[in-house]
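The values are calculated or read from the model by the stated rules, or taken from the named source; none is laboratory data. Please read all numbers here as calculations on a predicted model, not as lab measurements. Because the Cβ atoms are built from the backbone with ideal geometry, glycine has one as well, and the counts that use them run over all protein chains shown. Surface areas here come from the heavy atoms of the whole protein model, side chains and all, with no ligands, DNA or RNA. Shrake-Rupley method; radii C 1.70, N 1.55, O 1.52, S 1.80 Å.
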Amino acid sequence: MQHTAFSTRDFAAAVAVVFIWGTNFIAMKFGLRELTPFQLGAGRYLFAVLPLALLVRPPKMAPKWLVLYGLCQGVGQFGFLFMSLRVGMSAALASVLMQTQVFFTALFGLATLREPVGTPLKRGLSLAALGLACFIASYAGTNGANTTTPAGFVLALCAAAMWAASNIVVRRAQHATPQFEVIPFMVWSCLVPVVPFVLLSLAFDPGGTNWNPARLSWKAWASLAFLGWCATIFAYALWTGLLKRHPANRVAPFSLGVPLVGISAGMLVLGDSITAWQWAGVVLLGAALASVIFGSSRGRP
């Protein structure tokens, strides 16, 4: 694959994805007030697939790529993330921990696709590691004891690893499919997680869990619509399009902007407070993103 510089359209797509994914942690928190993690997962993908599956033809590709992507990105990433937010993870810190997918993506890309790790990315990853360490340090003391739990922390890292795996699946699917179409791929892969999430809910949710849609408030419905239509179909279509045109380890670092939006949204909507450690992390993550973007734009992959 020929490596090309990011166009204006590519930068605009990346910015839109960053904004949507930064604010979708707020939608998750609202949804989890009335739904279990597995119910939220099933509802998210039902919204994502309907009614688009009736309007978009199935992609011409091997079904295994749809199944693998649906399991990694749907059941894996969001199953772990929703459980993390439910058992003890703040929206702000979740938006940061999810960005460790950059490290997982670079590692998986090197191992499976032989994608090189250039100087700008190495420098950006070093700065990002320091930034993530600052965020983690802010929760290590007494003030963070009631905000997160070890289980929530581990589950968030598992979600990030599954996100990275889904990035690699997209790249492998694109290599194996001469005429790869983003929208059909996204829509039809959303069919895959619905049944596993329903089965997981029936198996593990409390016995009194209510599946009656009539009991949901408008906030829960709005959460499902935003997560299904905006954060899943629209944002992931843009993200998958970027992965189609560029190597995975050049696209993944753009997600470092997500916690900047996530923290701001948390402050405005949920009243989250930002510590000195977290502000240090914001600055370092911004520097990491700038290092990758501007370093790559000067032609050093």
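General remarks:
- Complete set of residues in segment 1-31 that are closer than 26 Å to Leu202 by Cα, of a type outside the set (Lys, Arg) and open to solvent by 20 Å² or more (accessible area, probe 1.4 Å): Phe30
- Single residue of Leu46, Leu32, Leu40, Leu55 found to be farther than 18 Å from Ala161 by Cα and free of Cβ contacts under 8 Å to residues at least 40 places away in the same chain: Leu55
- Thr36 being hydroxyl-bearing (Ser, Thr, Tyr), more than 20 Å from Ser255 (Cα to Cα) and open to solvent by 10 Å² or more (accessible area, probe 1.4 Å): yes
- Beta carbons closer than 8 Å, at least 6 apart along the sequence or on distinct chains, pair a first residue in segment 260-284 that is within 18 Å of Ile26 (Cα to Cα) with a second that is not in a helix (DSSP H, G or I) for Ile263/Asp272; Ile263/Ile274; Gly266/Ser90; Gly266/Asp272; Met267/Ser273; Met267/Ile274; Asp272/Ser90.
- Among the conditions (1) more than 15 Å from Leu191 (Cα to Cα); (2) not in a helix (DSSP H, G or I), the only one that Gln99 does not satisfy is (2).
- If you go through segment 141-161 and keep only what is modelled with pLDDT of 65 or more and either surrounded by fewer than 17 Cβ atoms within 10 Å (Cβ to Cβ) or of a type in the set (A, V, I, L, M, F, W, C) (or both), you end up with Thr149, Pro150, Ala151, Phe153, Val154, Leu155, Ala156, Leu157, Cys158, Ala159, Ala160, Ala161.
- Test result for Leu256, part of a helix (DSSP H, G or I), open to solvent by less than 10 Å² (accessible area, probe 1.4 Å) and in contact with a Lys or Arg (Cβ under 7 Å, 6 or more places away or on another chain): no
- Qualifying residue in segment 200-209 (condition: within 16 Å of Trp21 (Cβ to Cβ) and either open to solvent by less than 50 Å² (accessible area, probe 1.4 Å) or at pLDDT 85 or above (or both)): no
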